[in-house]
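Colleague: Sending over a structure as structure tokens; questions will come in a sec.
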Amino acid sequence: MNVYTMEELFKKAGEAARAAYAPYSKFRVGAALACEDGTIFSGCNVENRSFGLTICAERNAVFQAVAAGRRRFAALAIATPDSAEPVGPCGACRQVLSEFMAEDAPVRFGGSGPRRVDATIGELLPHDSLHDLADSASH
């Protein structure tokens, strides 16, 4: 199994951001998703002039992993090189991520500046009914 540090995963997210298609917002995003088996899937945001049809980098990575047969993810990194400050995942991405990641799964996000934010899925989506129901079923 390949083991990556969160900083290595973040660098892979930065590489993915370079492939983003963001002609409208000019805001590139890259994501690197580590599966429990060590496989890494990357994704970038792909915009459309109808913003509702835009896909975020995080969901792009998740959907690629699911299409390849993966269902369990260990960690995620998100790079937003067009922002000096870290930008976390949107609400839709947080919901999708919580479907496949444990509450304590690590997430790192950062922009072009030196600051990084390290959190967990549970911190990004507190009181998630999926995790709350699973916890109550085990008691």
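Colleague: Being farther than 23 Å from Arg72 by Cβ and of a type in the set (D, E, K, R) is the filter; apply it to the stretch 13-46 and report the residue that is surrounded by the fewest Cβ atoms within 10 Å (Cβ to Cβ).
Modeller: Once the filter is applied, the top-ranked residue is Lys26.
Colleague: Mind checking which residues of the stretch 59-109 are over 23 Å from Arg28 (Cα atoms), part of a helix (DSSP H, G or I) and in contact with a strand residue (DSSP E or B) (Cβ under 7 Å, 6 or more places away or on another chain)?
Modeller: Residue satisfying the conditions is Phe100 alone.
Colleague: Quick check on the stretch 51-70. Is at least one of its residues of a type in the set (Asp, Glu) and surrounded by fewer than 17 Cβ atoms within 10 Å (Cβ to Cβ)?
Modeller: For the stretch 51-70, residues of a type in the set (Asp, Glu) and surrounded by fewer than 17 Cβ atoms within 10 Å (Cβ to Cβ): absent.
Colleague: I would also like to ask the following. Looking only at residues that are loosely packed, with under 15 Cβ neighbours inside 10 Å, part of a loop (DSSP other than H, G, I, E, B) and at pLDDT below 95 in the stretch 110-139, which one is nearest to the chain's Cα centre (by Cα)?
Modeller: Pro126
Colleague: Does Ala79 satisfy being touching a residue at least 40 places away in the same chain (Cβ under 8 Å), under 23 Å from Leu125 (Cβ atoms) and in contact with a Leu (Cβ under 6 Å, 6 or more places away or on another chain)?
Modeller: No: the conditions fail for Ala79.
Colleague: Inside the stretch 76-103, can you point out the residues that are modelled with pLDDT under 95 and in contact with a Ser or Thr (Cβ under 7 Å, 6 or more places away or on another chain)?
Modeller: Glu103
Colleague: Here's something else I'd like to know. What are the residue pairs meeting all of these: first residue in the stretch 99-120, first residue more than 15 Å from Gly88 (Cβ to Cβ), second residue part of a strand (DSSP E or B), Cβ atoms under 8 Å, and 6 or more apart or on different chains?
Modeller: Pairs that qualify, where the first residue is more than 15 Å from Gly88 (Cβ to Cβ) and the partner is part of a strand (DSSP E or B), are Phe100/Phe73; Glu103/Thr120; Asp104/Thr120; Ser112/Thr80.
Colleague: Can you run down the residue pairs with Cβ atoms below 6 Å, 6 or more apart or on separate chains, where the first is in the stretch 40-56 and hydrophobic (A, V, I, L, M, F, W, C) and the partner is in a strand (DSSP E or B) and buried (at least 21 other Cβ atoms within 10 Å of the Cβ)?
Modeller: Matching pairs, first to second residue: Ile40/Ala32; Ile40/Ala34; Phe41/Leu33; Cys44/Gly30.
Colleague: Further question on the same structure: Among the numbered criteria (1) assigned to a strand (DSSP E or B); (2) of a type outside the set (Val, Ile, Thr); (3) over 20 Å from Lys11 (Cα atoms), which single criterion is violated by Ala34?
Modeller: Going through the list (1) assigned to a strand (DSSP E or B); (2) of a type outside the set (Val, Ile, Thr); (3) over 20 Å from Lys11 (Cα atoms), Ala34 breaks only (3).
Colleague: Within the stretch 29-42, does at least one residue satisfy the condition of being within 15 Å of Gly111 (Cβ to Cβ), under 14 Å from the mean Cα position of the chain (by Cα) and among the β-branched types (Val, Ile, Thr)?
Modeller: Yes, that holds for at least one residue.
The values are calculated or read from the model by the stated rules, or taken from the named source; none is laboratory data. Being a predicted model, the structure only gives us computed values, none of them experimental. Please note: Cβ atoms are built from the backbone with ideal geometry, for glycine as well, and neighbour counts cover all protein chains shown.
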